[in-house]
1. Leaving ligands, DNA and RNA out of it, work out the accessible area of residue 538 with a 1.4 Å probe and give it in Å² to the nearest 10.
2. Counting only the heavy atoms of the protein chains, how much of residue 281 is accessible to a 1.4 Å probe, in Å² to the nearest 10?
3. From the protein chains alone at 1.4 Å, what is the descending order of accessible area for 535, 197, largest first?
4. Set the bar at 32 Å for Cα to Cα. Now go through 112/487; 239/406; 181/477; 239/296; 126/537 and name every pair that lies beyond it.
5. Under 5 Å between amide H atoms, partner at least 5 residues away or on a different chain: which partners does residue 251 have, H built in plane at 1.01 Å?
Amino acid sequence: MRRKTRPTFFAIVLFAVVTLRVSRTAVDIPWYSESNFTASTKVRQVVLDNNNIDLNQYNHQTRRVSSVKDSVTTVSALLPDWEILIIVSPETPLSGEDYHCLFPNNAKTPAKYSGVLPFTNQTTFKCYMPESVRRRRMFNQPVLTKASENESPSPTPELLRWNFLVYESFSTDSDVVLFAKGINPRRGTNRAPRELRCVFGDGVKSDVVRTPVTSTAQEIFRCPHPNTAELGFVDGEEKIKVSIEFIGQNLVVPSVAYYSPRFNLAKSQPNLLLCACTMVYNVAKFLREWVMYHSKIGVEKFILYDNGSDDDLENTVKELNDEGYDVSTFLWIWPKTQEAGFSHSVQYLKDTCSWVMYMDVDEFVFDPTWENPWSNDMLKSLLPRVTASSSELEQRPGGIGQVLIKCYEFGPSGQRVHPVEGVTQGYTCRRQVDERHKSIVLLDAVDDSLLNVIHHFEMKEGFRSKQMNGAVVNHYKYQAWPEFRNKFRRRVSAYVVDWREAGNPKSKDRTPGLGFEAVEPRGWTERFCEIKDERLKFLTQRWFGSETREGYRMAWQIR
């Protein structure tokens, strides 16, 4: 028999929900995806998020003080799947010893090094929240320690939550761009700039300066630079905390982002015509094929926004650079933020690249008219013949700022494991109709909002997008099940941010017939096979294949 829940509990839930929906001062913050978050935790979070938060009080609360031996100063945020991101203060010395996350109940989990954040030089670790801690009513920040003995940590602040957080910031010559979760609650529903303002300083080590928000789009917010004299900022000192405030509510969004008045973004050879940018996670085994192919047809530089890879990506990138390819990585540790990362890249690459191809590592541009001999002008031939500056194009109505290429989705093609010859050789059967389009973008033509949806950017006034005829993108989307299963948890899509949730079940981002669990459907190896398409397979064989003593090999196969 189901135990009856006390009416007072339902009253609390009802009151909190009504307050959140109806109150003019409420902040619409989406809940975590974990189904085992308790109802009491949710109610508590509603009440917390609707309380007024004083800026000074908030920053004092997020500073961790611990009596644990050999612990270091950190700020922590709870990510999806009970993963915790640990951000270490840049001035904190670290040794090479193993670290652990120590929780209030003395539970421990290993802390894995995750890289150094660009610009702020902050070291990051990740650890998982133990089952015993997940059952607690309040989630406190763990203590990062290398001590082997168990010690009871002193009280720590609550964990920051990934669904309500300012997570990144950078400065341009004219303004500051912030990236934040939970402020614009739904796609296509953006808060008006007049409701928000940027807050510089923490009220502890610096004064507080506010400037108006001038633009909001998805997770992107822009505001003018503050007067650094009012902040007491001296060049070379530690960076200044920056966040976003709801006007009239005394509510400041928790933040792990910092402001620096000016700095150079991408440092590379300038004035490249065509670059490629993508977001990656554990793609080392696929990267060589993608880089070698697109370099041959015209891509001059590859920029990988690394979403926290823990495979052999670093060594693979080094090998490619040693072989003469130009490949760089940028640590973008924030989960499920592909579109935000691409928006960031517009500013990051603007002084380096004129045009940028936004494709995933399982996507290959191909034109059926391409034959031997190959040419590194093949891809560039898809661009407008005249590459003019932004000011010149703005004076010509209808200037092309974005090239759209239709996309074919390939299925497993009978493969049960990753084909050692590469995806272009192993996956040769696709769906009949094209799905969506991928883009090559003129960075100077991107709208100041930096808005993009599914690899397509909003254009400035005076620019337009042009759809290509003939060229296609072979998207090797549905691969052998072990590879596809690895993508299932971390897939970053526009309309389905977590495949395990039942929301938006008819979205094209979902795999037809797959459902909400990473369980191999019956007949997976033969799915999505409507047309046999071996055109790119034979082309890449002519360009990259060779006979060896060990048999037929492709140039990207690891020797």
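1. In the full protein context, residue 538 sits at about 90 Å².
2. The accessible area comes out at roughly 70 Å².
3. Reading off the accessible areas and sorting them downward yields 535, 197.
4. Those over the limit are 239/406; 239/296; 126/537.
5. 53, 246
The values are calculated or read from the model by the stated rules, or taken from the named source; none is laboratory data. Because the structure is a prediction, the values reported are computed rather than measured. Only protein heavy atoms, including side chains, enter the accessible area calculation; ligands, DNA and RNA are left aside. Shrake-Rupley method; radii C 1.70, N 1.55, O 1.52, S 1.80 Å.
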